[in-house]
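Quick note: the coordinates plus some simple rules give every number you see, no bench work behind them. Note that the structure is predicted; figures quoted are calculated from it, not measured. We place every Cβ from the backbone using ideal geometry, glycine too, and count neighbours over all the protein chains shown.
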Amino acid sequence: MRLLDAIRTLLKIRRRRTAPRASAKPALGAKIAMEDFRIVVQAGLSDELWIFLVQAGFREVVHRPDRRRYRDLPPSMITELYQAPPEEWQALLLAALKEAVKRPRVRVGPRSARRP
């Protein structure tokens, strides 16, 4: 498969991924993402805020298992975003994007190394 990928890259057959279509408001605990940023949906997501996030480029992550590496937005800042008036959403979202951190990758050794 790597040879095929290399050929496609050399011939510039690659296509840029487009954002999936906007969907209904996600359920509590669902994950929404924009580029490499991710938010876990908490209680209190209003319809108006969901429309704002969709317009900003967020979509629900529906791939299972999703192996992409995201930068998680701090839950405390997301709570602030949920409670803020619509005029402040843009500034709070930009601040949250600046505070986003990548979760460390956890690697597990071979099974024989885990046995006592």
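In region 67-85, how many residues are free of Cβ contacts under 8 Å to residues at least 24 places away in the same chain and under 13 Å from the mean Cα position of the chain (by Cα)? Qualifying residue count, region 67-85: 1.
Filter region 42-82 for residues that are of a type in the set (S, T, N, Q) and either touching a helix residue (DSSP H, G or I) at 6+ places or on another chain (Cβ under 8 Å) or surrounded by 11 or more Cβ atoms within 10 Å (Cβ to Cβ) (or both) and give the result. Listed by number, the residues that qualify are 42, 46, 79. Scanning region 9-41 for residues being surrounded by 11 or more Cβ atoms within 10 Å (Cβ to Cβ), more than 14 Å from the chain's Cα centre (by Cα) and not small (Gly, Ala, Ser) gives a total of 1.
The listed residues are 61, 40, and the only one of them that is over 16 Å from residue 97 (Cβ atoms) and not aromatic (Phe, Trp, Tyr) turns out to be 61.
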